[in-house]
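Comments concern the structure below.
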Amino acid sequence: DAGITQSPRHKVTETGTPVTLRCHQTENHRYMYWYRQDPGHGLRLIHYSYGVKDTDKGEVSDGYSVSRSKTEDFLLTLESATSSQTSVYFCAIRGQGAADTQYFGPGTRLTVL
Amino acid sequence: AQSVTQLGSHVSVSEGALVLLRCNYSSSVPPYLFWYVQYPNQGLQLLLKYTSAATLVKGINGFEAEFKKSETSFHLTKPSAHMSDAAEYFCAVTVNTNAGKSTFGDGTTLTVKP
């Protein structure tokens, strides 16, 4: 298994509160991704990183921010959580090439009440 | 931009029957194509991938897929379904441009009946 962990694994929070999800890898991979998974929508890319302090937006980035201060950690922050952000969040890592496999973390189930 | 369409959000087969999960892609440049499987409460894991070498790709657990450029398809097959194959399956496309970002299909849930 690729060395990728996510924390927390489950979180319940209230609307308007800030939330930070953490992704940690031990593989020294360059690329890291945050996706959200919702029924009928597959996986949708929120943000991704192609190196330390190098990040860019995905297709559903509104309401989310990210930071990567170290190769091994990629943080996803919901500045003010809304009920529409209730979802399962997956982190993934990938090597240098577009043909490389993405390795996924176990996911974080976030519920915003 | 690239896109993926998975035909059929739910597929049900009997144990021992052929499994066929359909994936069509759209890409303006040569694509890399992936099939991932997700078991309940887990992340996705790679089944197989096409990276422009052989067009017939064999993966884990007896699955295989054939890249057909003329049909823009990458369908996943397995000759004989097993109960343990019940899961959700995702097709994904990546290209060398577009920062190497992947686009995933909406997924197909496979049910295997005894």
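The values are calculated or read from the model by the stated rules, or taken from the named source; none is laboratory data. If you're wondering where the values come from, they're calculated on a predicted model, not measured in any experiment. Glycine also receives a Cβ, built like all others from the backbone with ideal geometry; neighbour counts cover every protein chain displayed. Ligands, DNA and RNA are excluded from the accessible area calculation, which covers all protein heavy atoms including side chains. Shrake-Rupley method; radii C 1.70, N 1.55, O 1.52, S 1.80 Å.
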Next item on the list: Report P(r) for chain B: all Cα-Cα distances, bin width 5 Å, range 0 to the bin holding the largest distance, values in whole percent.
Entry: 2, 13, 24, 25, 19, 10, 5, 2, 0
Margin query: Suppose each label sits 7 Å from its Cα in the direction of the beta carbon; what would the residue B:39-residue A:56 distance come out to in nanometres?
Written below: 3.5 nm
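Apply 1/(1 + (r/R0)^6) to the Cβ-Cβ distance of residue B:68 and residue B:111, taking R0 = 25 Å, and write down the FRET efficiency to the nearest 0.05. All intermediate terms of the calculation are to be shown ahead of the outcome.
Values: r = 26 Å, r/R0 = 1.05.
Plugging the Cβ-Cβ distance into 1/(1 + (r/R0)^6) gives 0.45.
For chain A, compute Rg over Rh where Rg is the Cα radius of gyration and Rh is the Kirkwood radius from the inverse mean 1/r over Cα pairs. Please list the in-between numbers first.
Numbers: Rg = 13.2 Å, Rh = 13.9 Å.
Result for chain A is an Rg/Rh of 0.94.
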Notebook entry, point to check: Reachable lysines from residue A:57, Cα under 17 Å, same-chain residues fewer than 8 places away excluded?
Noted result: B:101
Next item on the list: Indicate the residues belonging to the stretch A:77-103 that lose 40 Å² or more of solvent-accessible heavy-atom surface (probe 1.4 Å) upon moving from the chain alone to the assembly of all protein chains, ignoring ligands and nucleic acids.
Entry: A:98, A:99, A:101, A:102
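Could you do me a favour and compute the accessible area per residue for the protein assembly as shown, 1.4 Å probe, result in Å²? Spell out each step's value before the answer.
Values: 10510 Å² over 227 residues.
Per-residue value: 46 Å².
Take the solvent-accessible surface of the protein heavy atoms, probe 1.4 Å, and return the percent of it on the protein assembly as shown that carbon and sulfur atoms account for.
Numbers: 5220 of 10510 Å².
Summing carbon and sulfur atoms, their accessible area is 50 percent of the total for the protein assembly as shown.
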Note to self: Can you return the aspartates and glutamates within cross-link range of residue A:53? Criterion is Cα-Cα under 14 Å, with same-chain partners fewer than 8 residues away left out.
What the structure shows: A:72, A:73
Notebook entry, point to check: the protein assembly as shown: percent of C-alpha pairs farther apart than 28 Å?
Noted result: 30 percent
Check: What total accessible area, in Å², is buried where chains B and A meet, using a 1.4 Å probe and rounding to the nearest 100?
Finding: 1600 Å²
Next item on the list: List the residues of the stretch B:44-85 whose accessible area drops by at least 40 Å² when all protein chains are present, compared with their chain alone, using a 1.4 Å probe and counting only protein heavy atoms.
Entry: B:44
Item checked: Candidate lysines for bridging to residue B:68, where Cα separation is under 18 Å - those fewer than 8 sequence places away on the same chain excluded -> B:49, B:58, B:78
